[in-house]
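Pasting in a structure now, in structure tokens, and then I'll have a few things to ask.
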Amino acid sequence: FLQVHHMNIFQTLFELTNAVNSRGMTMVTPIFDVILQVFPQSELALLEGVWGSLLHRLMQEQESDEALVHIVCVFARLAITNLAFFSQMLAKFAKERLGGNEDLLFGRLIYVWTEKAYASSSALKRKLLCVGLILALDTNHSSLQSRLDQILDFVLYIGQEFKMPNSLEHIDVAQEWHEGEDLEDYA
């Protein structure tokens, strides 16, 4: 289905990403998580507009913490799925929209990744963020290296959940993404 209709779907997702409010964003981002898991890695550039829109929203101070966590979960999944593309896409966005200031983009990304994720009630999201952040360290980007203490604190804190026996059993993904939410007022 995606191979045949991907352009229409991606255009709709791009428009949706730009049109919904913060609560709506929490409903849209799980779609990107699924796409990252099933769509061919060589075709991720087709979603360039969507990645740019998500990064633009990530940089907005008025975005809700919940929406920010959902957005960063998408980028954690992207880091897990294709670290090279993750790095290239961030560098390109910083060059085009932030005058080449990658540190500003990485700083915001790491801030949200480590400081806002504590608020997430979803163990699945926190674990996804932890693994994505660990893998992102492999880029050896100076912005990540300069924030190593902040990253390490987050990874160690979230990593404690991995020690719990059977911590991954019985996780309902749909419930985890929207735990405790009512589904009204997402437009």
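Only the coordinates and a few stated rules stand behind these numbers; no lab work does. Please read all numbers here as calculations on a predicted model, not as lab measurements. So basically every Cβ, Gly included, is an ideal-geometry build from the backbone, and we count neighbours across all protein chains shown.
Could you list the square roots of 5 times each eigenvalue of the Cα gyration tensor of segment 1-135, that is, the equivalent ellipsoid semi-axes, sorted largest first and rounded to whole Å?
21, 17, 16
Can you tell me, using C-alpha contacts under 8 Å and at least 6 residues apart, the relative contact order of segment 1-129 as a whole percent?
25
Using only the Cα atoms of segment 1-70, construct the convex hull and provide its projected area averaged over every direction, in square nanometres to one decimal.
Its Cα hull, projected and averaged over all orientations, spans 4.5 nm².
Check His141: other-chain or 5+ apart residues with amide H under 5 Å from its amide H, H built from backbone geometry?
none
Where does the charge balance sit around Glu15 when Lys and Arg score +1, Asp and Glu -1, over other residues with C-beta under 15 Å from its C-beta?
Neighbourhood net charge equals 0.
Still on this structure, please answer the following. Can you pull the percent of Cα pairs in segment 83-130 with separation above 13 Å?
Tail of P(r) above 13 Å: 61 percent of Cα pairs.
Assuming R0 = 35 Å, can you tell me the calculated FRET efficiency for the pair Asp138 and Glu43, based on Cβ-Cβ distance, to the nearest 0.05?
Step by step, r from the Cβ atoms, then E = 0.95.
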